[in-house]
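In what follows, a single structure is set out as structure tokens and then discussed.
The values are calculated or read from the model by the stated rules, or taken from the named source; none is laboratory data. Note that this is a predicted model, so its numbers are computed, not measured. Heads up, the Cβs are rebuilt from the backbone with ideal geometry, glycines too, and the neighbour counts pull from every protein chain shown. All accessible areas refer to the heavy atoms of the entire protein, side chains included, with ligands and DNA or RNA removed. Shrake-Rupley method; radii C 1.70, N 1.55, O 1.52, S 1.80 Å.
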Amino acid sequence: MHQTRDRLTPIALTRYFDNVVDALAREGIDVAQVVLELTPTRPMRGQVVTGRGPVLRWREDLGWSNGLRTTSPAAHPGEVAALLEQPPPGRG
């Protein structure tokens, strides 16, 4: 997904989330649930819940967050998957 000033279409957002789920699967992370909120009057939002429990949240105007770390709204799916990696001991 490339970053533009235009609002994403619901189809483009769904494809982007599919790519994120695929990237998580390549990392061995099972996805239990994906929720997309496509309200026309507010920024679109999404949430990916993994089988292990961690949640990734996405908001059209703020980007991705795992609760501790963030990345851009148009981050590469591999970069999104990296938000679930455990930080090295002594860091984080």
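Answer yes or no as to whether residue 70 is open to solvent by 70 Å² or more (accessible area, probe 1.4 Å), at pLDDT below 95 and among the hydroxyl-bearing types (Ser, Thr, Tyr). The answer is no for residue 70.
Can you confirm whether residue 20 is assigned to a strand (DSSP E or B) and modelled with pLDDT of 95 or more? Spelling it out, it is not the case that residue 20 is assigned to a strand (DSSP E or B) and modelled with pLDDT of 95 or more.
Checking each residue in the stretch 42-51 for being assigned to a loop (DSSP other than H, G, I, E, B) and touching a residue at least 24 places away in the same chain (Cβ under 8 Å) picks out only 44.
Pairing each residue of the stretch 24-41 that is over 22 Å from residue 76 (Cβ atoms) with any residue that is open to solvent by less than 100 Å² (accessible area, probe 1.4 Å) and outside any strand (DSSP E or B), provided the two are 6+ apart or on different chains, yields C-beta distances under 7 Å for 32/51; 37/44; 38/10; 38/44.
Across the stretch 11-27, the number of residues qualifying as within 17 Å of residue 66 (Cβ to Cβ) and not aromatic (Phe, Trp, Tyr) comes to 5.
If the condition is being surrounded by fewer than 17 Cβ atoms within 10 Å (Cβ to Cβ), among the hydrophobic types (A, V, I, L, M, F, W, C) and under 10 Å from the mean Cα position of the chain (by Cα), then the stretch 22-48 contributes only 34.
Could you list all residues from the stretch 12-70 that are within 14 Å of residue 85 (Cα to Cα) and among the polar types (S, T, N, Q)? Result: 50, 65, 66, 70. Here is the figure for the stretch 32-56: residues that are at pLDDT below 95 and under 21 Å from residue 68 (Cβ atoms) total 6.
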